[in-house]
Structure formats: structure tokens, C-alpha cells
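Asks: For reference, the structure I am asking about is given below.
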Amino acid sequence: LPFELLLSNPLQFFRVEVALHDINDHSPVFPEERVTFDIVERTDPGSRFPLEVAQDLDIGSNTVQEYRIIPVNEYFSVSHGSRNNGDKYLELVLEKPLDREEQAEMDFRVIAVDDGSPPRSGTIEISMIILDVNDNAPKFTQDRYIGRVLENMPEGSVVLTVLATDQDAGVNGDISYQLSQAGGQSDSAFVIDPKTGEIKLTKPLDFEAAETHELSVKARDGGGLSAICKVLVEVVDVNDNAPELVVSSFSSPLAENTVPGTVVALFTVRDRDSGANGKISCALEDQLFFSLRPAYKNYYELVTVSALDREERAQYILSVTAADAGSPPLTSTQTFTVDISDVNDNAPVFNQTSYTMYVRENNVPTVFVGAVSAADADVGLNAKVTYSLAPAQGAERASCSCISVNSENGHVFVLRPLDYEHLRQTEVTVSASDAGSPPLRANVTVRLVVLDENDNAPLVLYPAQDSSPASSELVPVSAEAGYLVTKVVAVDADSGQNSWLSYHLLRATDPGLFSVAAQSGEVRLRRPVTERDSVKHKLLVLVRDNGKPPLSATAALSALVLKDFSDVRLPHSSPATEDQDGSLTTYLIISLVCVSLLFLISTAVFVARKVCKRKELQAGHVLYGADNLPSGLADAAAAGTLPRAYCYEISLTTGSGNSEFKFLKPILPSLPPQHCAMGQGPDEEQDFPCVPVSTEDMAPDHPGSVSAGQFNAL
């Protein structure tokens, strides 16, 4: 029993052959239990009667060694041996003539004995019937017939035909055929026609089950004589079995850093067919990263031939095809799915080579200014990226204290307010590290640029604006228009548009004499100096930046108009005098504003009162005539205090403490009396006109007016 022994780690092959030593565990067996011979009584001594040899599955000395007749008789003996072609034979030999009249039938046994320990034996019953003379036995045309048949031949196909002849005539010459299979198999795949000798199939043959079949055919004539021949049926192989692929070992997943030549799978191929139909060849479809390598006999190894990279390809589906050399060839395919496991061989990669982020100065703490992002081509923990600030060296450490990065998402924050004037930009190094073992990391530079805000007002450098008395600029009387008196110099700590300065003349003793250049701050004469101009001039220059909102500062300066610069007694104004002048101007402005507000309020009150009184007049009025005047007023009229008779309409306002009445002249002296009947009964008649009087028409200086107190007295 040969077989192969495979050892792994390391991979080794050993060829093992197990020799099975036979023991005598099988007894000899005859194909038939009983055989009957018809023998003519005139048969000559030395005639031979063939028998089927006994079959013993053992080998060597354990197989059949001798044959004996039991009980021993004087008529027959046993002869056995092997022919030239190797076939064994067993024959009964007639030792002396038979006499049917003495014994018409003879029974005995033939025993086959092996040389085992203990020996085993098998027997066959022999019956000898003595007949009258039939002196010619059948004879086959060949001692051994060989036939070839395809294994896929259908049932009923003729394998071959045997032929035996007999020289006798009549019944003694009629031959019939019988078939027996070696080993006494009852489920024989063959059958013989007893008349024609055709051997046919009873079922399809299988080359893989048995390559040859050995048969025995007996030809017997009508007189009882017989002959035996051997028939060997060779089964011709047909390519009806596809190759088989049996996997012995398979490794998956496979690390991507596996070295070339690593064995991934070990398998064997076999084909039950023979010859060209059993010759197998294996092929691998994709041989770029893997290949097949013959190992031993029909073993093959699937090995790597180049470096693997999971980031390029995470899985390989390999198809190994085994094909035989039949016509047409049969194939079988085995699929190997090789997963590539990840190795931390890729460092994180930032999506930018550097980052620039912007933040406005005076920012709120922990303001978000941007984010960094890195990707790792690995998977799992090898691809989990965390962010951190790389340690700074020396002076960089202080600049990094204001910046923080979120370890999970890479968001960058500014932790405290920044001042553009102190820090305009800073750089930090952000590190991205994966969670592999060992971890891989990558660094990127993040530049934080601080944007300027307009948070610094202009600073006047010249003339100095400190508390010390400022020097006066000297202007000669002969100076023409455009004469440069001085130049206001100012700076702004901001940058960009926030530091663009413009100069404007805010206030001057004589605004028409001086002008200020908006861009340069130069103070020049607008016109020539005249004798009417004051000797001392004060100017207030506004310096304003271009920010949003703009910030400004003022520069105060003075100028002296002199005829001769040699005059050493130059008048200087003290700070107290300048403060008094400034205070006086302020007081004048405040007074002007107050007077304007008072005037507007008075006008509004006057208009409101007019509107209210008109509404009261429309609601009701009081008329006084000569008949319905109060008694005091009527007496006064009768005494002549009132020069003429009038009708007065009086309208009084509520809360009026100083109401006055104004008595006007008659508007229509000739009005008929019915015009004065307002407020009187229908039977009363008036012979004097009525004049409406209201407090709005009274004036204190008008003749004939009386005060409210006088009216009350009346």
C-alpha cells in the first residue's frame, strides 16, 4: 500500500510503502459445488477431464498447493499445474478403463488444500456417469479468447463469440455453451447465448472498477463430453472522469508583507481514468502575483511570486483549472479566495502640503479657525488617525501656546485673544498619527495669520501733544500762497487700510488763511498774509485713519505772523489762556444750542395752545348783551363807564392766571339787532351790535383792555 506523507511547517514529503503480509484467512473455493461428467465406457486410460481450478485469495504458500481425491479410487487421479501462458489447470485423469456394466455411476470429491498454518481446504463434488460410446469431445477453436470493449458500451452489446466443434454426429455433436466467471461472482456483467456462443453485456462496465474480466466457457455436446476455454475481456478506458482536486492545506488571510515564495495552498490532483485520459495538467489564470509549483508527484503548491499590497487589492480570487489529456478533455476548477490582511505600512497623508488659517485680532477665546485632515490608506486601527501638536523647540514653544488642535477631527482653535500689533503670524507643526503598531506619523505646517482690526487710533508724532507748551510756527508777513508752515506727522499701529491716514483742518483762527494736505499733512497758506490778519493763529488738525469705523486724533498747533524773525520777544500763549479760550468757545456753543432749543419749544407750545383754543370755541361760547350782563357790568354800562353798548363774547382758558380782555371797536355798527340775539330768548330784542371778544385778541397795551381781576370785580 503506497502513499505519501505530508508534513507542514516546514513542508516535507515522504513516500511510504506498507507491505501487507498475508495470513491464511481464505479457504480455496471451487467455482462450482458439483460437476457431473458423462464418460463413455470405452474411454481410453489417460483421458483427461478438465475441472475449474479452485480460487484462493491468499498468496504464496497460503494459496492452493495440492489437490486430492477423497475417497481415493483406482480409476481417477488428479493432475494440476500451470501452462506456458501462466494459466493454471486442474484435470481428472482416467487411470484404467471404465465398465458401465460394473459401475454405471461413480461419485467422489476433489479437495484443494493450501499450505497455510493451519491449512485450509475446499471441495467439489464429482459425479461420473458412465455412458455408451461418444468418443469425440467438443473442441474450441482457441484455448484463450481475448476481447476488448469500451467501458461506456450499452447493455446488450456483444463482446465476442466463442466457437467449439465436435466431430460426432447427431446428439453427440450438438454443442451447448455455459458461462462461469472466475471467483464465482453471481452478479456477472456478461451472459452467453447457449446456442451461438455470443457473450453479451448485461450492464455497462466501469474501467475504474475493473480493468479486465476473466471468464470460463464450457462447451458440452449431446453425448456429455465437454471442453473449457478461457475468455479475457479487457475494458477500454473512456475519458468519463473529470480530474479531482483535493486541498490539503490553505492559508487565508495572508499578510500583505508576505515575502515572495510563501506557500498559500497545497493540493493534489488525480484522475480515475488511465493513459492519456489520466494525465493531468494544472493551470492558474492569474499568474501576476501567484503561481503554481509542482511539489511531489501529483502535488502542487500555490505560492506568491511578488510583493502584495492590500491598499491596491484586498482580495484575490484565484481559479486553478485541472485538465486531463482525453479527447475531448475534461476539466475541473478549484477556486481559492485569498484575503490580504492589513499591515501598518502607510503613514497618514495630509490633503495639503501646508495650511494657512486666518483669525482676526481681538478674537473670542477658543475660536475655530480651520481644520487639518489626513487620510490613512490602511484599515482598522492602522487607519485611525489622531492629531496633536508636535513639540516645538526654543522660541516656537511660546507661539504654540495659543493654538490647540482637536485630536479626533483635526479642528484648529485659537485659545486666547490675539493682538495683531504683537503677533502677526505664527507657525505650528501638527502631527497625524495612526493607531498601528508601531504607529506611523506625518507632520504638516499650519501657518496662523492674524488679520488686523482697526483698534488703534492715529498717534501724532509732530507737533508733540504732551502737556509742555508747544512751539509756534513762524510765518513771515511776506509769505505767499502755498507757503509751507509746518507738517503734521502721525502714525497708526494698524496695517493696510486701517493705517491709511488723512489730514483735515478741523478748526482755525482764520480758516481761510490755512489749508492742510489730506495725504501728507502739510500745513500751507491758502492766500498771502495781509496786515489785517491776526498775529497769532491757532489750528486744530484732525488725523483720521481709513478703518471701519474710522478712528481719529487731533493735533493742535499755533502760528505767529511776524515781520522780522529777529524779534526775540515772541508772544507765547500759556496753557491756562488756551484753556480759557477753549472753555469760552464751549460755553458759546452750549448757549447757542440752549437758545435754539428754547425757541423751538416755545413755538411748539404756542402752536399747541392755538389749536386747543379753537377746539374750545367750536364746542361753546358765552355772549353778553345789554340785558343779560351781570349786575355790576350793567351798572357800569349805565353809569357810562363803558362808553358804548357792546356785545362781548368771552372765551377763557383753563388755569389762566393772567388772562386779559381786549375791547375792540365795533366791527359792524349798523348790524341789525337780530345779530345780537345769540344766546337770548326769542322774545328779547337788542338794540346794540355784538362783538366777539377772546383772550387771544387782547393785548396788555391795547386801550380799553381790562385784566382778569378787573373783570372778576365787575
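The values are calculated or read from the model by the stated rules, or taken from the named source; none is laboratory data. Being a predicted model, the structure only gives us computed values, none of them experimental. Ideal geometry is used to build each Cβ from the backbone, glycine not excepted, and the neighbour counts take in all protein chains shown. The area values use the complete protein model at the heavy-atom level, side chains included, leaving out ligands, DNA and RNA. Shrake-Rupley method; radii C 1.70, N 1.55, O 1.52, S 1.80 Å.
Asks: For region 343-395, take N as its residue count and report Rg(C-alpha) divided by 2.2 N^0.38 Å.
Replies: Cα-based Rg divided by the globular estimate yields 1.52.
Asks: Taking region 274-321 on its own, what percent of its Cα-Cα pair distances exceed 15 Å?
Replies: Summing the P(r) of region 274-321 above 15 Å gives 53 percent of all pairs.
Asks: Another question about this same structure. How far apart, in nm, are the 7 Å Cα→Cβ label points at S437 and A169?
Replies: 10.7 nm
Asks: If you find the alpha carbon centre of region 245-324 and of region 83-129, how far apart are they in angstrom?
Replies: The distance from the Cα centre of region 245-324 to that of region 83-129 comes to 62 Å.
Asks: Cα atoms only, region 34-131: Rg and Dmax in Å?
Replies: That works out to 14.5, 45 Å for Rg and Dmax.
Asks: Here is a follow-up. What is the Cα convex hull volume of region 95-161 when expressed per residue in Å³?
Replies: In region 95-161, the Cα hull volume divided by residue count equals 246 Å³.
Asks: Lysines within cross-link reach of K613: Cα-Cα under 22 Å, excluding same-chain residues under 8 positions apart?
Replies: K662
Asks: Report the normalised scattering of region 244-341 as log10 I(q)/I(0) at q = 0.10, 0.15 Å⁻¹, calculated by the Debye formula with identical scatterers on the alpha carbons.
Replies: Log-scaled intensity ratios, in q order: -0.28, -0.59.
Asks: Relative contact order of region 286-430: what whole-number percent is it, with Cα pairs under 8 angstrom and at least 6 residues apart?
Replies: Dividing the mean separation by the residue count of region 286-430 yields 18 percent.
Asks: Could I ask something else about it? Determine by what factor the alpha-carbon radius of gyration of region 128-173 differs from 2.2 N^0.38 Å, reporting the quotient.
Replies: Compactness ratio reported: 1.75.
Asks: Which links in K96/K230; K88/K195; K487/K548; K88/K218; K487/K538 stretch past 24 Å when you go from one Cα to the other?
Replies: As for pairs spanning more than 24 Å Cα to Cα, those are K96/K230; K88/K195; K487/K548.
Asks: List the lysines whose Cα sits under 28 Å from the Cα of K279, skipping any in the same chain fewer than 8 residues away.
Replies: Correct list for K279: K203, K297.
Asks: With a 1.4 Å probe and all protein chains kept in place, how do K139, K536 rank by accessible area, largest first?
Replies: K139, K536
Asks: So what's the gap between the Cα centers of region 436-492 and region 1-64, to the nearest angstrom?
Replies: If we compute the Cα centre of each part, the gap is 122 Å.
Asks: Okay, next question. What whole-number value in cubic angstrom gives the convex hull volume per residue for the C-alpha atoms of region 459-560?
Replies: It is 87 Å³ per residue.
Asks: Measuring with a 1.4 Å probe in the full set of protein chains, what accessible area per residue, in whole Å², belongs to region 209-313?
Replies: 45 Å²
Asks: Using only the alpha carbon atoms of region 139-236, find the Kirkwood hydrodynamic radius as the inverse mean reciprocal pair distance, in angstroms to one decimal.
Replies: Hydrodynamic radius (Kirkwood, Cα only) of region 139-236 equals 13.8 Å.
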